[in-house]
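Colleague: Can you keep this structure in mind? I'll have questions shortly.
The values are calculated or read from the model by the stated rules, or taken from the named source; none is laboratory data. Computed from a prediction, not measured in an experiment: that's the story for all the values here. All Cβ positions, glycine included, derive from the backbone under ideal geometry; neighbour counts span all protein chains shown. Areas reflect the complete protein model, heavy atoms only, side chains present, ligands, DNA and RNA absent. Shrake-Rupley method; radii C 1.70, N 1.55, O 1.52, S 1.80 Å.
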Amino acid sequence: MYWGKLILILLASITFADSIDNLRLNAMLNENNNAKLSSESYLKLYDETKLKAYLENGIKQGFIANLNMDKAVNTLRDIDKDNNLIKKLDIVKLVEQKNYKQAKKEYYKFISKNEDFTLANAMSKELFNQGLKKEALQISKDYYKKYSNLYSLYLYIEMLMANEKYKDVVKLTEEFNKTAEENNKVDTELAPFLLMRLNALKALNMWEKTIRLDPKGYSEQILKLFKEKDYKNIKEYTKLVPINPDYSLFLLYRLEALYELNNSSDIDEIFSLGMKLYEFTNNKDILYTITKKLLEFNKKKELYEIANLDDELAYKVYFNLKEYKKLSEFLYQKAIKENNNSYLIESYIYEMLDNPKEFDYFKLDELVAKGGVAPNMLNIYAYTIIDEKIDIAKGIKLIQKALEQEPDNAYFLDTLAWGYYLINDCKNAQETMQKVLQNEDVLNEDEIKLHNQRINKCKN
């Protein structure tokens, strides 16, 4: 009989332990996915064990599940009137009742002794939701000062964002941004801070600082500005783009904006940036773009540097700068290197342009006599000896030879008309000039306008 009672007691104890364990598992495992079940399990655990911690957890989970916790709260108040959870609930209730003065008094009294993020968070959010934005910000700021850590900083920055204090957000997240840039990656714990930084920068229109945080968004903003032809802001927003091959696209945005702005103060950067981009991409179009702009501003030193990189550009540079001696030397070297007679003819033509009075025309005439001279070279030769009055008759013959190949070329016809004018053959000059004027593409050219005016006044 004795052993039978003992076995019953033992079995009952085991059954009680199993029940407690199941409740404990239900309570803990459902905290994040079923707060109602978790709360009910914690409250049953309290009923079974009378352990206050279970009652507190049951109340917390109940509030998460939006359950009526009045009975449980009163029970906790009865057994522990100085309980911290009760104090926190009373503070939140004071806010809900709009008794802000008393609520803040009780809050600061509690926080001075307890580091409690959940209360600071709840207090800030509740005040903000009730329209007390400044008070909410102050709560978060004071909590951050008292307990400086990532959680308190996040709450403070969150409230700064809500109060549109974007400059403060940028300042507070600067170190996080530096760390991310130095490591070339964003740690998980820093991601929320950098996201708020990004939003603050956008709100402040400080797009130049968003490049690494949001390259896609940054690029979309720049392209939008291009559509609006807002080159000034593109220049501003691209000023912090790293001079790095990985950022070539954004550097191209900046180069294009500087090109379109056409400011003399930007020409040095156009050159240096263009050269860097050519180094990064090996794209000759970039060199052609900056060459055009450098020619506009007559930046000879920089243009000579570009001329050393590419033969076609060398020709363009020397020709546009009217550096005929350099162009002649350049073409002569190509003629020797490639055994090319065309280059040799061009070399002599530009040598002649450099000093038409002193030039040895015999060596050029020898090559012309052999044939194969391009019509445009014949035109340059003819116009030079006509305009300089070196040998107008020979010039007229040369340009007539060029016109055999391109009879409608307005520039060739202008040379011929000018030749007739200088020998006072007004009729042929005027008839030829009329053919020039049929080509609308040349009507606005100063030299042709001048020739037309003179020829119109020509009288035999």
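Colleague: Based on the alpha carbons, how large is the Rg to Rh ratio for region 13-133 when Rh follows Kirkwood?
Modeller: 1.04
Colleague: Using every pair of alpha-carbon atoms in the chain, split the distances into 20 Å bins beginning at 0 and state the percent of pairs per bin, rounded to integers.
Modeller: Spelled out per bin, shortest first, that is 16, 27, 20, 15, 13, 8, 2, 0.
Colleague: Tell me whether region 103-171 comes out rounded, prolate or oblate; compute the Cα gyration tensor, take square roots of the eigenvalues as a ≥ b ≥ c, and use a/c under 1.5 as the rounded threshold.
Modeller: Since a/c reaches 1.5 but b/c is at least a/b, the shape of region 103-171 is classed as oblate.
Colleague: Still on this structure, I have one more. Under the classification rounded if a/c is under 1.5, otherwise prolate if a/b is larger than b/c and oblate if not, where does region 156-295 fall, given a ≥ b ≥ c as square roots of the Cα gyration tensor eigenvalues?
Modeller: Because a/c hits 1.5 or more and a/b exceeds b/c, region 156-295 counts as prolate.
Colleague: Taking the chain as the reference, fit the longest principal axis to its C-alpha atoms, fit the long axis of helix 174-183 to the helix C-alpha atoms, and give the angle between the two in degrees, 0 to 90, nearest 10.
Modeller: 70 degrees
Colleague: Any chance you could give the angle, 0 to 90 degrees and rounded to 10, that helix 117-129 forms with the longest Cα principal axis of the chain?
Modeller: On a 0 to 90 degree scale, this one is about 70.
Colleague: Could you work out the relative contact order of region 82-143, using alpha carbon pairs under 8 angstrom and six or more residues apart, expressed as a whole percent?
Modeller: With pairs under 8 Å counted, the relative contact order is 27 percent.
Colleague: How large, in percent, is the carbon and sulfur part of the accessible surface of the chain at a probe radius of 1.4 Å?
Modeller: That fraction is 48 percent.
Colleague: Oh, and also: If you take the beta carbon distance between GLU181 and TYR100 as r and set R0 to 51 Å, what does 1/(1 + (r/R0)^6) give as a FRET efficiency, to the nearest 0.05?
Modeller: So the FRET efficiency works out to roughly 0.75.
Colleague: Still on this model: If packing is taken as the average number of other Cβ atoms within 10 Å across a peptide's residues, how do 55-62, 226-233 rank, most packed first?
Modeller: 55-62, 226-233
Colleague: Ignoring ligands, DNA and RNA, what accessible area per residue does the chain give at 1.4 Å, in Å²?
Modeller: 59 Å²
Colleague: Follow-up. Pairs of alpha-carbon atoms within less than 8 angstrom and 6+ residues apart define the contacts here; what relative contact order does the chain have, in percent?
Modeller: Relative contact order here is 4 percent.
Colleague: Treating only the Cα positions of region 243-386 as identical point scatterers, give the base-10 log of I(q)/I(0) from the Debye formula at each q in 0.17, 0.21 Å⁻¹.
Modeller: After summing over all Cα pairs, the log10 values are -0.91, -1.16.
Colleague: Calculated from DSSP H runs of 4 or more alone, at -39500 (n - 2.57) each and per residue, what is the 222 nm mean residue ellipticity of the chain, nearest 500?
Modeller: Counting only the DSSP helices, I get -23500 deg cm²/dmol.
Colleague: For the chain, find the longest principal axis of its Cα atoms and tell me its angle to the long axis of helix 375-387, 0 to 90°, nearest 10.
Modeller: Around 60 degrees separate the two axes.
Colleague: Here's another thing I want to ask about it. Once the other residues with Cβ under 14 Å from the Cβ of CYS458 are scored (Lys, Arg +1; Asp, Glu -1), what is the net sum?
Modeller: Net charge in that neighbourhood comes out at +2.
Colleague: Can I ask one more? Could you tell me which residue out of PRO215, THR289, MET275 lies farthest along the dipole of region 197-299 toward its positive end? Charges go on the beta carbon: Lys and Arg +1, Asp and Glu -1, centred on the Cα centre.
Modeller: Value: PRO215.
Colleague: Would you please state which residues of region 195-223 a label at ASN244 would reach in this model, taking the label point 7 Å out along Cα→Cβ and a backbone N cut-off of under 19 Å?
Modeller: Zone members listed by number: 195, 198, 207-220.
Colleague: Could you compute the net charge surrounding VAL368? Neighbours are other residues with a C-beta less than 11 Å from the C-beta of VAL368; K and R count +1, D and E count -1.
Modeller: So the surrounding residues net to +3.
Colleague: Here's something else I'd like to know. What percent do you get for the relative contact order of region 190-252 when only Cα pairs under 8 Å and 6+ apart count?
Modeller: 28 percent
Colleague: Using the Cβ atoms and a cut-off under 13 Å, what net charge is assigned to the surroundings of ASN298, where Lys and Arg are +1 and Asp and Glu are -1?
Modeller: Here the charged neighbours net out to +3.
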